[in-house]
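The values are calculated or read from the model by the stated rules, or taken from the named source; none is laboratory data. Treat the numbers as computed from the prediction; the structure is a model and nothing was measured. Note that we place each Cβ from the backbone using ideal geometry, even for glycine, and neighbour counts take in every protein chain shown. In case anyone asks, the SASA skips ligands and DNA or RNA and just uses the protein heavy atoms, side chains included. Shrake-Rupley method; radii C 1.70, N 1.55, O 1.52, S 1.80 Å.
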Amino acid sequence: MSEEKLRAAMGDLLALVVHDLRNPVATISANVSFVKEVGAGDDEDVIEALDDVETALGDLMRGLEQVGWVGRWIAGQASMEGAAGDLRSAVEAGVRRTHTSLSVTLPSEPIEVRRAGGALARVVELLVRNALANAAPETVHVIVQDGGAEGVVEVRDAGRAIGEELREAAFTLEGQQILKGRADGRYSRVVGLLAVRTLVDSLGASVEADGQDGDAVFRVRVPK
C-alpha cells in the first residue's frame with residue numbers, strides 16, 4: 001500500500017471511530033442531563049457526581065472532535081473550513097467556548113482575514129484551554145493585533161513556557177509523546193496542540209510557541 005493510500009485509510013479509520021463513539025457519548029450526556037433535572041433530588045453527593053460525569057463527557061466529546069480533525073489532516077484533507085471574516089469575531093467566539101471570564105484585548109477596527117470563522121474560533125479555544133490548564137485564569141490574556149499582511153492572535157499566561165527545544169515539535173504528530181512526558185511540554189488532552197496544527201493548516205495560517213516562564217505565549221498568524 002502506498003503512503004498516500006495508507007494515510008487515506010488511517011483518516012477513514014479515525015473518522016469511523018469518531019462517528020461510532022459520538023452517538024453513545026451523546027446518549028449518555030442526554031441521560032445525565034435528564035437525571036439531573038428530574039431524578040437527582042437534593043442529594044449533594046449525587047448532584048456533584050452527575051456534574052463530574054457531565055464535565056468528563058464534555059471533555060470526551062471535544063476529544064472526539066479533535067481526533068476527527070487529526071484524521072482528516074492525516075488523510076490530506078482540510079480539518080475544518082474557514083470563511084473570510086473579522087478576526088476579532090472569531091477570537092471572541094473561541095473565548096466564549098471556554099466559558100471562562102478572561103482578559104481580551106481587541107483593536108477598535110475590524111481585521112479582515114481570508115479564513116477565520118469556526119476553525120479559527122476552535123484554534124483560540126484550544127490554546128486558551130491549554131493556558132487555563134497551566135496557569136490561573138486571571139493571568140490568561142488574549143490579544144488581537146493587526147500585523148500588516150496578517151492578523152495576529154496571542155494567548156499569553158503566567159505559566160511555564162514550552163521548552164525552547166520542544167517548540168517546533170509541540171505541534172507535530174511525532175512530538176506529542178515527548179510533550180506528554182515533560183513538565184515544560186504543556187501537553188494538551190487528546191493531542192490538543194496537534195489539533196491546533198491541523199486547524200491552522202486548513203486556514204493557511206501558522207502557530208508558534210514563544211515566551212518564557214511566567215510569560216508563556218502561543219501566537220497565531222492569519223493571512224489577510
Exercise. Return the total of residues in segment 56-110 being assigned to a helix (DSSP H, G or I), buried (at least 18 other Cβ atoms within 10 Å of the Cβ) and of a type in the set (Gly, Ala, Ser).
Key: 5
Quiz item: With (1) surrounded by fewer than 16 Cβ atoms within 10 Å (Cβ to Cβ); (2) on the phi < 0 side of the Ramachandran plot as the list, and residue 151 as the residue in question, which single condition is left unmet?
Solution: (1)
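Looking at this structure, is residue 118 in contact with a helix residue (DSSP H, G or I) (Cβ under 7 Å, 6 or more places away or on another chain) and not hydrophobic (A, V, I, L, M, F, W, C)? Steps first, answer last, please.
Details: in contact with a helix residue (DSSP H, G or I) (Cβ under 7 Å, 6 or more places away or on another chain): no; not hydrophobic (A, V, I, L, M, F, W, C): yes.
No: the conditions fail for residue 118.
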Quiz item: Of (1) open to solvent by 70 Å² or more (accessible area, probe 1.4 Å); (2) under 19 Å from residue 199 (Cα atoms); (3) outside any helix (DSSP H, G or I), residue 42 satisfies all except one. Which?
Solution: (2)
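Pull up segment 1-28, narrow it to residues that are small (Gly, Ala, Ser) and within 21 Å of the chain's Cα centre (by Cα), then point me to the one that is modelled with the highest pLDDT.
Step one: filter segment 1-28 for residues small (Gly, Ala, Ser), giving 2, 8-9, 11, 15, 26.
Keeping just the survivors that are within 21 Å of the chain's Cα centre (by Cα) gives 11, 15, 26.
On the way: 11: 67, 15: 76, 26: 87.
Ranking the candidates gives 26 first.
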Self-check item: Scope segment 111-122; condition closer than 13 Å to residue 144 by Cβ and either in a loop (DSSP other than H, G, I, E, B) or without any contact (Cβ under 8 Å) to a residue 60 or more places away in the chain (or both); matching residues
Solution: 111, 116, 121
Self-check item: Residue satisfying condition, being within 17 Å of the chain's Cα centre (by Cα) and either farther than 23 Å from residue 58 by Cα or basic (Lys, Arg) (or both), within set 182, 186
Solution: 186
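Got a sec? Which of 123, 91, 104 is modelled with pLDDT of 95 or more and closer than 25 Å to residue 10 by Cα?
Working: 91 fails: closer than 25 Å to residue 10 by Cα; 104 fails: closer than 25 Å to residue 10 by Cα.
Step by step, each of 123, 91, 104 is checked, and only 123 is modelled with pLDDT of 95 or more and closer than 25 Å to residue 10 by Cα.
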Exercise. Exactly one condition in (1) open to solvent by 60 Å² or more (accessible area, probe 1.4 Å); (2) modelled with pLDDT of 95 or more; (3) of a type in the set (D, E, K, R); (4) under 18 Å from residue 196 (Cα atoms) is not met by residue 115; state its number.
Key: (2)
Practice problem: For segment 187-205, name all the residues that are out of contact with any Pro (no Cβ under 9 Å at 6 or more places or on another chain), open to solvent by 10 Å² or more (accessible area, probe 1.4 Å) and of a type outside the set (A, V, I, L, M, F, W, C). | Solution: 187, 188, 189, 197, 201, 202
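Residue-by-condition table, conditions (1) over 22 Å from residue 80 (Cα atoms); (2) in contact with a helix residue (DSSP H, G or I) (Cβ under 6 Å, 6 or more places away or on another chain):
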| site | (1), (2) |
| --- | --- |
| 162 | yes, yes |
| 189 | no, no |
| 211 | yes, no |
| 214 | yes, no |
| 218 | no, yes |
| 221 | no, no |
Exercise. List the number of the failed condition for residue 141; all other conditions in (1) in contact with a Leu (Cβ under 9 Å, 6 or more places away or on another chain); (2) within 26 Å of residue 67 (Cα to Cα); (3) modelled with pLDDT of 95 or more hold.
Key: (2)
Practice problem: Check whether at least one residue in segment 61-81 is over 30 Å from residue 2 (Cα atoms), at pLDDT 85 or above, more than 13 Å from the chain's Cα centre (by Cα) and among the hydrophobic types (A, V, I, L, M, F, W, C), and report yes or no. | Solution: no
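Assess whether residue 161 counts as being farther than 29 Å from residue 75 by Cα and open to solvent by 30 Å² or more (accessible area, probe 1.4 Å).
Working: farther than 29 Å from residue 75 by Cα: yes; open to solvent by 30 Å² or more (accessible area, probe 1.4 Å): no.
No, not satisfied.
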